[in-house]
Amino acid sequence: MASARTRPIIEIVTITKYPRLALILLALALAGQLQAQIDLPAPDVPLPGSENEQQTEAAAPSELNPEAPVQIRPDEGSPVAGTEVNAPEFDIGRHLHLSGSLNGGYDDNVNLTPTGSPSWYANPTVNLRYLFGSHRLAMDLVAGGGIIYYFDHPGGRDYDPIIYLQFSLAYKVTARLTLNLSTSTAYESQPEFGTALSSTRRLGNYFRSQNQLSADYKLSHRLSSVTGYSLSALEYGSTAASGRDRLEHAFSQQLRYLWMPTTTVFGEYRFSLNEYQNAQESTIQSLIAGLEQSFSPRLKAGLHSGVQFRSGNNGGRTSPYVETSLEYELESPARRASRGSRASSTYIIWTNRYSIEESDVQQGAGRETFRTNLRLNYAMTARISASLGISYFNGDNQTSNQISSGSLGGSSTETVFDITPSVRYAITQHCSVDVGYRYTDVSRGSGAAILDPRQPIGSYTRNRYFAGITLSF
């Protein structure tokens, strides 16, 4: 019989009794909502494949400026974790964008060790984006891949793979009911500091995936119900990451009320079940209230707050939950259109969250984490744009029942600061060049090393200098 460590993650995906019960409740809720929809008349919405829908697709605009930009790291061509998958748009027709990039530069710490491991590198990548939107169906697909090849082979490392997929879909079943599906999946080696589905150190190639399914049902013109399920997976391909593979099932029920035309308030209950490959389990229950405000078509903000309760094999804890978001488009759509459909837009996306996350150390019992992600892009001229990406988090790893806090002999916190400024120059409408710099600082208390004896590596810094060229069609 295979051990828990060698058991492949596909076996863990088997639905446990908790997800099975929740899925049954979700099916019953949807059935009740579908039965109740006859109370309100539905507007005249073309059916899929009808003549009216085909006419609408034909009349769709030829150029598109999506509301939410795709976040791609300029130094390695991978998507930025921690930013939401783009919400698809209806009534936009079909659009296909292709691009290829060749980046290169110098990395003074490829293996992320305290002593450093420098190398020159090259980074070829390709990217595809497909958008479709009719009256009832909308989708947004981003897929790509590449490698980071190291010329000096530090520690025997030749290259790092990058493969990613981001997909979102929305389908209007009726005038009241909309189904939403999204996924963000990647296979890579470099740590992703914007998400909890990654270590702060190199642990070999790993697979991470976040998938969400929700049903949005309008109970009235102001009140709506959102029932959701999400599945997150993290799997490493190295024995150095023993015990870190995990699955997270999350179930949520949200009631939303349109208080004013630009203000929405809501209440939410969320239940999460975390399953580790070493047979450990933990649960997190969250009670959240929130407010979302649209100050203008270019400025949106949100505030979510509540309390979380964690319990599991490694102990329990209670923590406040606070999350804020800000999206601001600094220029009007008319000005952006005057500079061309492929011109860089000017925007700010800033998210903050304080919550309980699963610990990154082997014997931790969850951690209270503050996490912030900032993405800024500024179009200085029609050809020149500057961007800035910042990721920061500070997490306090609580000890398990088997380890007392006094035996750690030091702080068990981890702190990460990652910043990437860059400048882009558009040579033509289809060709641009980038140049930038990335700095990473990871600080790890001595107590965290005791909680993670298999990975005693402590703090480190990294400097990466890069430049590249991109062709887009």
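All of the numbers you see were taken from the coordinates with simple rules; none came from a lab. Please read these numbers as outputs of a predicted model, since none were measured by experiment. Note that each Cβ is placed from the backbone with ideal geometry, even for glycine, and that neighbours are counted across all protein chains shown.
Residues in the stretch 178-193 carry Karplus couplings, in order, of 10, 9, 10, 9, 8, 8, 9, 10, 8, 10, 7, 10, 5, x, 10, 7 Hz; the curve used is 6.51 cos²θ - 1.76 cosθ + 1.60 with θ = phi - 60°, and Gly or Pro positions show x.
Count the net charge of all other residues whose Cβ sits under 12 Å from the Cβ of Thr178, scoring Lys and Arg as +1 and Asp and Glu as -1.
Result for the neighbourhood of Thr178: +3.
Pairs of alpha carbons in the stretch 233-289 separated by more than 16 Å make up 59% of all such pairs.
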